[in-house]
Amino acid sequence: MSPNHLTYLERLRLTWSLTWPLMLVDMMWAVALFAAGESANMNLEIGSELFAFFVLSPLVVRWVVSQPQPDYRFKFTHPGDPNKPTYQESFKMMWLLNWRLLALMLASLGPLSLVLKGLPQLTVVLRPIIASPLFNKIGLTGIDLIASLVLMPFLIPGMIRKRYQGFRVQIQRT
């Protein structure tokens, strides 16, 4: 195994570490909006998504890659602390993972959605659930979580191999 390679299980653990904090915040926000009677307020929804994208996601990436993992830790070749990326470096890693994940999700979930739409029995059963903004949001968050757990482990090697402007990511085995 090359020194900059993670096993599938290590990538899956890393994916879970990157995914669960954001999914938890997303679900808590959905419940809070629903409880406040503002679940249909698109301005609050857009604002929360922008906050999550520009603030929470890079901070989660920074926190996860700064923590020692069971058999390895991330090292950064940049001026500064080699164990901790800057906000901009965290944002670059988050951006790479998010846009690639989004492309894979669109390619895989789009056809699945068309197949499910063609099943009228399923539509009748799910119609009351889909009509509720809270269950709709939690359902979409759940689908996002499952798709992330399935697809992101295949994107992590690209995050490690990428030659970012100003820094490199390396794996140091412990």
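For region 64-111, give me each residue that is touching a strand residue (DSSP E or B) at 6+ places or on another chain (Cβ under 6 Å) and assigned to a helix (DSSP H, G or I).
65, 89, 92
Evaluate the following for residue 117: is it closer than 27 Å to residue 28 by Cα and of a type outside the set (Ser, Thr, Tyr)? Give the derivation first.
Working: closer than 27 Å to residue 28 by Cα: no; of a type outside the set (Ser, Thr, Tyr): yes.
So residue 117 fails the test.
Regarding residue 45, is this residue assigned to a helix (DSSP H, G or I) and more than 27 Å from residue 157 (Cβ to Cβ)?
Numbers: assigned to a helix (DSSP H, G or I): yes; more than 27 Å from residue 157 (Cβ to Cβ): yes.
Considered against the rule, which asks whether it is assigned to a helix (DSSP H, G or I) and more than 27 Å from residue 157 (Cβ to Cβ), residue 45 comes out as yes.
Taking residue 34 as the residue in question, decide whether it is more than 11 Å from the chain's Cα centre (by Cα) and assigned to a helix (DSSP H, G or I). Steps first, answer last, please.
On the way: more than 11 Å from the chain's Cα centre (by Cα): yes; assigned to a helix (DSSP H, G or I): yes.
Here the answer is yes, as residue 34 does meet what is asked.
Which residue pairs have Cβ atoms under 6 Å apart, sit 6 or more places apart or on different chains, and have a first residue in region 99-122 that is more than 30 Å from residue 159 (Cα to Cα) and modelled with pLDDT of 75 or more and a second that is among the aromatic types (Phe, Trp, Tyr) and surrounded by 10 or more Cβ atoms within 10 Å (Cβ to Cβ)?
Filtered contacts from region 99-122: no entries.
Is it true that residue 24 is under 17 Å from residue 150 (Cβ atoms) and modelled with pLDDT under 90?
On the way: under 17 Å from residue 150 (Cβ atoms): no; modelled with pLDDT under 90: yes.
So residue 24 fails the test.
Within region 11-25, restricting attention to residues that are closer than 16 Å to residue 140 by Cα and more than 11 Å from the chain's Cα centre (by Cα), which residue is surrounded by the fewest Cβ atoms within 10 Å (Cβ to Cβ)?
24
Quick one: would you say residue 55 is at pLDDT below 90, assigned to a helix (DSSP H, G or I) and aliphatic (A, V, I, L, M)? First the steps, then the outcome.
On the way: at pLDDT below 90: no; assigned to a helix (DSSP H, G or I): yes; aliphatic (A, V, I, L, M): yes.
Here the answer is no, as residue 55 does not meet what is asked.
All but one of (1) under 19 Å from the mean Cα position of the chain (by Cα); (2) among the hydroxyl-bearing types (Ser, Thr, Tyr); (3) within 17 Å of residue 172 (Cβ to Cβ) hold for residue 72; which doesn't?
It fails just one condition, (1).
The values are calculated or read from the model by the stated rules, or taken from the named source; none is laboratory data. Every value quoted in this text rests on a predicted model; they were computed, and no experiment measured them. No Cβ is skipped: glycine too gets one built from the backbone with ideal geometry, and neighbour counts run over all protein chains shown.
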